[in-house]
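What follows draws every value from the coordinates through simple rules; no lab data is involved. The structure presented is a predicted model; accordingly, all values stated were derived computationally and were not measured. FYI the Cβ positions are ideal-geometry reconstructions off the backbone, even for glycines, and counts take in every protein chain you see.
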């Protein structure tokens, strides 16, 4: 690809630095793959589970088994896994509307949530059809030193708080991702103080750790199937998993009260959803390796990154602080150029629904918007940080990252 010898040497040093971490990632992928295979075996997944069902979708054995398999893998009571979810935001919306009622309070304890939830919550925008429009109150507890502020959260708990909401990943914020230890320490304490639902936006975090937040007591975790949990195989969809009560309430919101998860034509999508779950631990491991290499490479050539190559990871997102708008555009252009799809396209900043600032995205993906495939995006605002995620194969991601690095000035040798 005509990369300079200096860049290739930097890449070699970066890869050597993270080689032991790669072995840890592979070991976890092996453990999680065993859990997935045991669930497939326990619930007797067979070719009949892939049959297409139309109309109302009554008695869809594949759909029912997929929900049970997913719940077992996530170590919880129930799951709702559907291609009908158009995005992670849609799945989160169904979850929040399923659990909250007029007069209730949604308490977000990881600071302001991701931009695309602003219109869903409606506290700022007063969007018609939002939670605000339906009389749901919204309160925020800011993080303290990058972590949930336990004392402030306990002080904010009132009888009106019906959902305590955690955003696991950083989104566009400069803060650490929530860890297994965060959930393990905080959830039991909250359970003693409130009967509110503990809800986690789990996007980008699935299969990165040995256990999901449901293992530690979350009532509901929510995510997209074109991220980690779909393994690069799902072309659309989302999931909700957790307690039977919480999942049932959300299923009624997705379809209709009394129908819940018992209906919904799968239209031949079951096979992709099963296959995506099968691939998820391995594909997530590829994305983690890609992020780890990116951290080491860009630090090697002089850029600040988060997490650093030496920090433990709890999602697949890698931040690279470029501090300059033109560098952001150059970075995204280099990544796009080495993508399998639309490699000839030049990414440019543009307005996007749900975002307050123009956003630039590099995403030469097989599935539109699939951030388990290598992609990068950045809001065009200070401090001009690029957020990387995904990578179906480490090899292809490495090439694309080299292409992005080649377009940037080397800050240090």
(message) Can you tell me the mean projection area, over all orientations, of the convex hull of the chain's alpha carbons? Units nm², please.
(response) 19.4
(message) Can you sort 342, 59, 67 from fewest to most other Cβ atoms within 10 Å of each residue's own Cβ?
(response) 59, 342, 67
(request) State the extension gain, in nm to one decimal, for the chain segment bounded by residue 185 and residue 366, taking 0.36 nm per residue of separation less the distance between their alpha-carbons. (result) 61.2 nm
(request) Calculate, for residue 256 and residue 51, the FRET efficiency according to 1/(1 + (r/R0)^6) with r their C-beta to C-beta distance and R0 22 Å; round to the nearest 0.05. (result) 0.35
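Just rank 1, 352, fewest to most, by other beta-carbon atoms within 10 angstrom.
Ascending Cβ contact count within 10 Å gives the list 1, 352.
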(message) Please give the Cα centre distance for region 260-314 versus region 118-167, rounded to the nearest Å.
(response) 28
(message) As an exercise, use a Förster radius of 60 Å and the Cβ-Cβ distance of residue 16 and residue 59 to find the FRET efficiency, rounded to the nearest 0.05.
(response) 0.60
(request) May I ask for the angle, rounded to the nearest 10°, between helix 61-73 and the longest principal axis of the chain, with both axes built from Cα atoms and the value confined to 0 to 90°? (result) 70
(message) Report the Cα centroid-to-centroid distance between region 69-117 and region 338-354 in angstrom, as an integer.
(response) 28
(request) Counting only DSSP beta bridges with both residues in region 43-277, tell me the antiparallel percent, nearest 5. (result) 40
(request) Working from Cα positions, state the angle (0 to 90°, nearest 10) between the long axis of helix 244-254 and the longest principal axis of the chain. (result) 80
(request) For region 4-82, would you read off the P(r) tail past 18 Å as a percentage of all alpha carbon pairs? (result) 60
(request) Would you please put 200-206, 110-116, 40-46, 231-237 in order of how densely packed they are, using the mean number of other Cβ atoms within 10 angstrom per residue and starting with the highest? (result) 200-206, 231-237, 110-116, 40-46
(request) Calculate how steeply helix 5-42 sits against the longest principal axis of the alpha-carbon atoms of the chain, using the helix alpha-carbon long axis, and give the answer as 0 to 90 degrees to the nearest 10. (result) 20
(request) Using only Cα positions of region 43-277, each an equal point scatterer, no hydration layer, compute I(q)/I(0) via Debye at q = 0.07, 0.12, 0.13 Å⁻¹ and quote the log10 values to two decimals. (result) -0.21, -0.63, -0.74
(request) Order by neighbour count: 377, 252, fewest other Cβ atoms within 10 Å first, most last. (result) 252, 377
(request) Among DSSP beta bridges lying fully in the chain, give the percent that are antiparallel, nearest 5. (result) 60
(message) Can you compute the helix-only [θ] at 222 nm over the chain? Use -39500 (n - 2.57) per DSSP H run of at least 4 residues, normalise by all residues, nearest 500 deg cm²/dmol.
(response) -12500 deg cm²/dmol
(request) With a Förster radius of 25 Å, plug the Cβ-Cβ distance of residue 24 and residue 211 into 1/(1 + (r/R0)^6) and report the FRET value to the nearest 0.05. (result) 0.95
